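Enquirer: Take a look at the following structure, please.
Derivation of every value follows stated rules applied to the coordinates shown; laboratory data play no part. Being a predicted model, the structure only gives us computed values, none of them experimental. Heads up, the Cβs are rebuilt from the backbone with ideal geometry, glycines too, and the neighbour counts pull from every protein chain shown.
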Amino acid sequence: MGVPVEFQERISLFPVELRELLEAELETGNSIVGLERGFPATPSGAYVMLARVVHASRRRSEGGIVFAERNNLQCSGEFTTSDRQFFVLEPPRPASEIANMDAIREELIAREKASDEARFRDTYY
């Protein structure tokens, strides 16, 4: 499939490692849903947002690419190089897969309370 014409000029600025990753993904059916400039710092840098998560065989740091698993509302994973100026981003996971911090906090409070009651039983009575 290759890089769509409307993105070719801007993607040509990406490091070769990221371009190769992107081209491999496009050839296997993934697609670009967005390309933004000025990230992480204006006027340099850019990122490509993919429609789907990168194929499992490529989700790792290798050959000049640094992969980081993310689990937030912006993306689920990022691929960059050591200078961190250009990124290939995976879409965020569905909201149901993102950690519910309220539930985690409530569980920790309950566990701490139970632990304290067991540890300090003799001092409270």
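Enquirer: Treating the beta-carbon of each Lys and Arg as +1 and of each Asp and Glu as -1, no other charges, what is the dipole magnitude of the chain about its Cα centre, to the nearest 20 debye?
Expert: 100
Enquirer: To continue, here is another question. Using Cα pairs closer than 8 Å and at least 6 residues apart in sequence, work out the relative contact order for the stretch 1-104, in percent.
Expert: Once normalised by length, the contact order is 23 percent.
Enquirer: So how much slack lies between Arg59 and Met101, counting 0.36 nm per residue of separation and subtracting their Cα-Cα distance, in nm?
Expert: My answer for the length gained is 12.5 nm.
Enquirer: Okay, helix-only estimate at 222 nm for the chain: each DSSP H run of n ≥ 4 adds -39500 (n - 2.57), divide by all residues, round to 500 deg cm²/dmol; what do you get?
Expert: Result for the chain: -10000 deg cm²/dmol, rounded to the nearest 500.
Enquirer: While we're on this one: Once both axes come from the Cα atoms, what is the angle between helix 16-27 and the longest principal axis of the chain, in degrees from 0 to 90, rounded to 10?
Expert: Helix 16-27 sits at roughly 90 degrees to that axis.
Enquirer: How tilted is helix 101-119 with respect to the longest principal axis of the chain? Cα atoms for both, answer in degrees (0 to 90, nearest 10).
Expert: Between helix and principal axis, roughly 30 degrees.
Enquirer: Would you work out which of Asn71, Leu22, Ser82 lies farthest towards the positive end of the dipole of the stretch 5-97, given +1 charges on the beta-carbon of Lys and Arg and -1 on that of Asp and Glu, about the Cα centre?
Expert: Of the candidates, Asn71 comes out farthest on the positive side.
Enquirer: Sorted by mean Cβ packing within 10 Å, highest first, what order do the peptides 113-121, 81-89 take?
Expert: Packing proxy ranking, top to bottom: 81-89, 113-121.
Enquirer: With r as the distance between the Cβ atoms of Asn71 and Glu20 and R0 = 25 Å, compute the FRET efficiency 1/(1 + (r/R0)^6) and round to 0.05.
Expert: The formula returns an efficiency of 0.45 here.
Enquirer: Can you bin the stretch 5-97 into rounded, prolate or oblate? Criterion: square roots of the alpha carbon gyration tensor eigenvalues sorted a ≥ b ≥ c, rounded for a/c under 1.5, prolate for a/b above b/c, oblate for the rest.
Expert: Rounded is the answer for the stretch 5-97, as its axis ratio a/c remains below 1.5.
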